[in-house]
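Participant: Here's a structure for you.
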Amino acid sequence: MDRLKGKIAIVTGTGSGIGRAIAQRFVDEGASVVVADIAGAEEEAAKLGKATVACTIGVSCSADIQAMIRTTTERFGRLDILVNNAGVESKQAPTADYAEDEFDRVIAINLRGVFLGMQYGIPALLASGGGSIINMASIAALVGFPTAVAYTASKGSVIQMTKTAALEYAIQNVRMNAICPGVIWTPMVERFTGGSAAAREQFAQIEPVKRMGTPKEIAAMALFMASDEASFVTGTALPVAGGYVAQ
Ligand SMILES: NC(=O)c1ccc[n+]([C@@H]2O[C@H](COP(=O)([O-])OP(=O)(O)OC[C@H]3O[C@@H](n4cnc5c(N)ncnc54)[C@H](O)[C@@H]3O)[C@@H](O)[C@H]2O)c1
């Protein structure tokens with residue numbers, strides 16, 4: 001309790017899955033949270049209570065991201081933590097058959113969206129004297145996943161952006177870290193497995209622990225990275241993946 005007492009946080013992609021769990025945990029730990037999503041932000045903010053503000057945004061839209069940061073500083077006076085979590089799964093096809101417009105769509109949300117969050121979030125964090133940015137990557141950033149070229153490219157680049165910005169702002173006390181979730185049971189994975197219990201079970205088996213992770217398990221890592229306990233942790237890309245990348 002109270003590990004984020006008095007902190008002001010933005011979490012994108014809060015209408016579902018991992019982002020929802022992070023926003024909930026941050027509120028439970030004493031933070032005020034701006035919940036930002038392309039859909040469902042108002043409902044989520046209402047559920048989370050008075051310490052929250054809703055922002056309806058598309059993360060690949062520069063004006064939306066700027067408005068999100070402005071809303072936060074106007075409402076709360078500062079920004080301490082930014083979690084760039086919003087993202088989409090990609091359609092599947094081998095690289096030579098991959099549709100250009102699908103590649104552009106996934107890169108716009110998963111990569112440009114994180115870039116814009118950092119670009120407009122960093123000045124606000126600097127104005128607060130420092131803070132923590134957490135970018136949601138994936139195990140698909142660390143190893144290849146056949147038929148997922150747009151997704152793997154977007155998530156791999158998120159790690160490189162995180163490391164680059166971590167070096168740029170280390171001396172100014174803005175920490176940047178990426179989380180690389182394994183297979184986490186969320187609506188994204190439900191869509192990906194087509195809602196079939198057999199497909200779900202088969203997907204879970206790719207994890208050495210032989211189960212999927214939960215959004216709460218990712219939220220626990222986000223909490224650590226956001227908190228002052230992680231004061232010497234920057235420039236990392238940490239798998240939370242049931243042993244997947246140990247293979
Ligand atoms: N679930 C997994 O197994 C898994 C594994 C690795 C990484 N991730 C990453 O974790 C993050 C969250 O995934 P999830 O599983 O909770 O997915 P999800 O689909 O359950 O939730 C994603 C949220 O992002 C929002 N969103 C999508 N496009 C947006 C946009 N353009 N602007 C603003 N919001 C937008 C959606 O409305 C939704 O609320 C994503 O970046 C995803 O790539 C998930």
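Participant: Work out how much length Glu190 to Gln205 would gain on full extension: take 0.36 nm times their residue separation and subtract the Cα-Cα distance, in nm to one decimal.
Facilitator: 3.9 nm
Participant: What FRET efficiency would be calculated for the residue pair Arg75, Asp2, taking the C-beta separation as r and a Förster radius of 22 Å, to the nearest 0.05?
Facilitator: Once the sixth-power term is evaluated, E becomes 0.55.
Participant: 222 nm [θ] for the chain, helices only, -39500 (n - 2.57) per DSSP H run of 4+, per residue, to 500?
Facilitator: Rounded to the nearest 500, the figure is -13000 deg cm²/dmol.
Participant: Report the full-extension gain for the segment Lys216 to Ala198: residue separation times 0.36 nm, less the Cα-Cα distance, to one decimal in nm.
Facilitator: Result: 4.1 nm gained on full extension.
Participant: Filter Lys47/Lys163; Lys7/Lys50; Lys47/Lys216 down to the pairs with a C-alpha to C-alpha distance above 26 Å, please.
Facilitator: Too far apart for the 26 Å limit: Lys47/Lys163.
Participant: Here's another thing I want to ask about it. Which net charge results when you count Lys and Arg as +1 and Asp and Glu as -1 among the other residues whose beta-carbon is under 11 Å from that of Met212?
Facilitator: The answer is -1.
Participant: Based on the alpha-carbon gyration tensor of the stretch 103-155 and its eigenvalue square roots a ≥ b ≥ c, which shape applies: rounded if a/c is under 1.5, prolate if not and a/b is larger than b/c, or oblate?
Facilitator: Oblate, since a/c reaches 1.5 and b/c is not below a/b.
Participant: If the cut-off is 26 Å between C-alpha atoms, which lysines fall inside it for Lys210, apart from same-chain ones fewer than 8 positions away?
Facilitator: Straight-distance partners of Lys210: Lys91, Lys155.
Participant: Right, next: Of the listed peptides 177-190, 68-81, 21-34, what is their order by residue-averaged count of other C-beta atoms within 10 Å, with the highest listed first?
Facilitator: The packing order, highest mean first, is 21-34, 177-190, 68-81.
Participant: Treating only the Cβ of Lys, Arg, Asp and Glu as charged (+1, +1, -1, -1), what charge dipole size does the chain show about its Cα centre? Round to the nearest 20 debye.
Facilitator: 440
Participant: Karplus couplings for the stretch 97-109 from phi (6.51 cos²θ - 1.76 cosθ + 1.60, θ = phi - 60°), rounded to Hz, Gly and Pro as x?
Facilitator: 9, 6, 6, 4, 5, 5, 4, 5, 4, 5, 5, 4, 7
Participant: Let me ask something else about it. Return the FRET efficiency for the residue pair Phe224, Leu167: r is the Cβ-Cβ distance, R0 is 25 Å, and the value is rounded to the nearest 0.05.
Facilitator: The formula returns an efficiency of 0.75 here.
Participant: Would you pull out the residues with amide H under 5 Å of Arg175's amide H, same chain only if 5 or more places away, H placed 1.01 Å from N?
Facilitator: Gly131, Ser132, Ile133
Participant: Then there's this: Expected output is a single nm value to one decimal: the length gained when fully extending between Ala46 and Glu100, i.e. 0.36 nm times separation in residues minus the C-alpha distance. What is it?
Facilitator: 15.6 nm
Participant: Let me ask something else about it. Short version: ³J(HN,Hα) in whole Hz for each residue of the stretch 42-50, in order, from phi by Karplus 6.51 cos²θ - 1.76 cosθ + 1.60 (θ = phi - 60°), x for Gly and Pro, what are they?
Facilitator: Using θ = phi - 60°, the values come out as 4, 4, 5, 4, 4, 5, 7, x, 6 Hz.
Participant: A further question on this structure: Residue by residue, what Karplus-based ³J(HN,Hα) values in Hz, rounded to whole numbers, does the stretch 61-69 have, using 6.51, -1.76 and 1.60 with θ = phi - 60° and x for Gly and Pro?
Facilitator: 9, 4, 4, 5, 5, 4, 5, 4, 5
Participant: Report, ordered by chain and residue number, the aspartates and glutamates lying within cross-link reach of Lys5, taken as a straight Cα distance under 14 Å and ignoring same-chain residues fewer than 8 apart.
Facilitator: Excluding near neighbours in sequence, the set is Asp28, Glu29, Asp80, Asp228, Glu229.
Participant: Rounded, prolate or oblate: which one fits the stretch 47-104, using the alpha carbon gyration tensor with axes a ≥ b ≥ c (rounded when a/c is under 1.5, else prolate when a/b beats b/c, else oblate)?
Facilitator: prolate
Participant: Select from Leu238, Ala197, Trp185 the residue farthest towards the positive end of the dipole of the chain; place +1 on Cβ of Lys and Arg, -1 on Cβ of Asp and Glu, and compute about the Cα centre.
Facilitator: Leu238
Participant: Also: With point charges of +1 on the Cβ of Lys and Arg and -1 on the Cβ of Asp and Glu, referenced to the Cα centre of the chain, which listed residue (Leu167, Gly77, Thr95) lies farthest in the positive direction of the dipole?
Facilitator: My answer, from the dipole projection, is Gly77.
Participant: Calculate the dipole size of the stretch 76-148 relative to its Cα centre from +1 charges on Lys and Arg beta carbons and -1 charges on Asp and Glu beta carbons; express the result in debye to the nearest 20.
Facilitator: I would put it at about 340 debye.
Participant: Same structure again: Within 11 Å, Cβ to Cβ, of Arg20, how many net charges do the neighbouring residues add up to if Lys/Arg are +1 and Asp/Glu are -1?
Facilitator: 0
Every number in this text was worked out from the coordinates using simple rules, so none of it is lab data. This one's a predicted model, so the numbers in the text were calculated from it and none came from an experiment. When we count neighbours, we look across all protein chains shown, and the Cβ atoms used for this are built from the backbone with ideal geometry, even at glycine.
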